[in-house]
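First the structure, in the form of structure tokens, and then the observations on it.
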Amino acid sequence: MPVFDFNQEKKEAVKAEKTYELVYTSDKFSDAEHPIMVLDNKEGNLVHHSSGMFAAPVKGTAFLYENDGKETSHDILKLDARFENLMKWLGENHIMVRLSGANTQEGYAVYKIHETGVAMRGTKISGENGFLQFMIERLIQSDAPEDSVVDIDDMEDSDDMKLTSIQSITDYLMCAGSTLPDNIRMWARRNLAVAKSTEVTPEERRHAQRALSIMLNIQWKNTKFQPIDPVEARRILDEELYGLEQVKQRIIETIIQINRTHTLPAYGILLIGPAGTGKSQIAYAVAKILRMAWTTLEMSSINDPEQLTGSSRIYANAKPGLIMEAFANAESSNLVFIINELDKACSGKGNGNPADVLLTLLDNLGFTDNYIECNIPTTGVYPIATANDRSAISAPLMSRFAVIELPDYSIEEKRVIFTKFALPKVLKRIGLRSDEIRITDEGLDAVMDIFKNTSGIRDIEQAAEHIAANALYRIEVEKLDCVTFDAKMVQELLA
């Protein structure tokens with residue numbers, strides 16, 4: 001293992017100058033052509049998987065490497081701006097790392113940095129396993145100090161690490177730097193001071209640390225969105241929903257604005273229709289089309305605004321509200337909020353109206369949770385609401401949505417849904433082959449007749465489940481090769 005003279009390094013650091021050029025990139029991955037940094041390697045000493053350490057932050061410009069007893073120093077020529085603070089932090093703590101890279105015309109292009117588990121000062125990185133990989137993944141997903149949009153699909157696993165300890169939170173703030181929104185970075189510094197303070201109560205320190213853990217485990221993303229493919233969007237909707245062609249067309253027309261503006265549409269989507277018509281499936285499909293995480297708010301179970309806004313830290317049992325928890329669970333500031341039963345949002349019980357909280361969220365001016373006490377940017381939030389009763393929704397709420405009404409299905413549409421979608425789906429799930437069950441035309445007519453006065457398709461989906469389960473039972477018990485359901489059998493089974 002190389003031995004470095006830290007005292008000599010400090011002396012040289014005073015007169016060192018920055019050698020690297022910052023690169024502001026929005027690459028979605030890192031490889032030899034899109035590296036994290038480029039190191040000077042004129043003598044060709046650096047090879048794939050070179051181990052060493054970065055210089056101290058004042059010097060901050062070199063990778064120190066030893067091979068076969070020969071120590072060499074390699075200046076950083078180019079550096080992804082998102083990683084500047086991480087390099088300083090690695091150098092300050094003299095962390096041993098291994099670089100994955102390749103020699104190019106510009107120099108040694110580093111596209112991965114691996115933790116070796118060794119710190120020259122005897123401490124594990126941040127006291128947390130996987131912190132370095134977690135940090136690298138976060139930085140690649142983050143935005144450069146300039147406008148950019150970044151996403152990542154193939155980084156190494158960071159073991160789903162969470163920032164919980166004071167040390168990991170402190171190191172994260174140091175390494176994340178200006179990739180965090182300004183107001184969140186300043187808020188985090190203030191709360192970190194409280195969490196470390198000996199002049200406040202243990203309860204205050206605990207709340208500050210919990211709030212920091214919640215906020216910093218969220219990926220604060222840029223709100224420049226990628227275009228959608230209308231053909232692919234239609235395919236996704238067709239997979240989730242049979243018929244309702246005008247509804248699908250209207251949905252695609254509403255969200256396709258993103259292709260020109262690269263921002264979310266100004267209005268969310270409000271789906272109104274009878275129970276069981278597929279409103280929730282449409283909402284999930286839109287989230288899939290937008291390639292965004294999604295979360296749900298069940299308004300029927302919310303009767304107090306504090307459930308949404310959280311409670312103040314002055315209370316011992318204080319906690320964040322459901323909206324803040326949704327951000328935390330998604331670990332992303334860009335997500336689809338699926339608000340189920342919006343028509344129940346105005347039914348507060350004396351402590352205020354939950355609908356007023358929703359208006360704050362829908363206005364895209366930022367949302368403040370009483371526990372977190374920080375303005376949360378909401379420009380990356382796309383709301384999709386569902387409702388049964390249009391008349392129960394207030395005018396201010398209605399004005400925040402593009403309203404799309406879903407008609408009920410006709411008997412003929414329900415027949416197709418039962419035979420082409422509901423029954424095959426159940427058969428696949430329980431392991432029945434299609435040749436092991438048969439429903440006659442009269443049997444199918446009987447199913448439709450039994451549920452002719454019900455809205456939506458939930459009842460016929462449950463009927464498919466019941467019929468398939470009965471067939472499987474009879475095949476197993478009576479050793480039949482195939483079970484045929486006629487009208488009489490269907491009526492006896494479902495009536």
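The values are calculated or read from the model by the stated rules, or taken from the named source; none is laboratory data. All figures in this text were calculated on a predicted structure; none of them were measured in a lab. We place every Cβ from the backbone using ideal geometry, glycine too, and count neighbours over all the protein chains shown.
Values as computed for the structure displayed
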quantity	calculated
Number of the exception - Ser197 against (1) modelled with pLDDT under 85; (2) exposed (fewer than 15 other Cβ atoms within 10 Å of the Cβ); (3) more than 26 Å from Val38 (Cα to Cα); (4) of a type in the set (Gly, Ala, Ser)	(1)
Test: residue in the range 239-246 that is surrounded by fewer than 20 Cβ atoms within 10 Å (Cβ to Cβ), closer than 22 Å to Ile393 by Cα and touching a residue at least 12 places away in the same chain (Cβ under 8 Å)	no
Lone unmet requirement of (1) within 19 Å of Arg138 (Cβ to Cβ); (2) more than 29 Å from the chain's Cα centre (by Cα) for Leu86	(2)
Condition met for Ile372 (more than 30 Å from Leu192 (Cα to Cα), hydrophobic (A, V, I, L, M, F, W, C) and touching a residue at least 60 places away in the same chain (Cβ under 8 Å))	no
Flag for Gly380 being in contact with a Pro (Cβ under 7 Å, 6 or more places away or on another chain) and farther than 20 Å from Lys279 by Cα	no
Count - residues of the range 445-495 that are in a helix (DSSP H, G or I), buried (at least 18 other Cβ atoms within 10 Å of the Cβ) and among the β-branched types (Val, Ile, Thr)	4
Sole exception among (1) in contact with a Cys (Cβ under 8 Å, 6 or more places away or on another chain); (2) in a loop (DSSP other than H, G, I, E, B) for Ala355, by number	(2)
Qualifying residues in the range 360-377 (those that are in a loop (DSSP other than H, G, I, E, B), at pLDDT below 90 and not small (Gly, Ala, Ser)) - the one nearest to Gln209 (Cα to Cα)	Pro377
Residues of the range 380-420 classified as surrounded by 15 or more Cβ atoms within 10 Å (Cβ to Cβ) and either within 31 Å of the chain's Cα centre (by Cα) or in a loop (DSSP other than H, G, I, E, B) (or both), total	21
Unmet criterion (only one of (1) crowded, with 16+ Cβ neighbours inside 10 Å; (2) within 21 Å of Pro407 (Cβ to Cβ); (3) among the hydrophobic types (A, V, I, L, M, F, W, C); (4) at pLDDT below 90) for Val286	(4)
Residues of the range 425-444 that turn out to be loosely packed, with under 13 Cβ neighbours inside 10 Å and either in contact (Cβ under 8 Å) with a residue 60 or more places away in the chain or in a loop (DSSP other than H, G, I, E, B) (or both), as a count	2
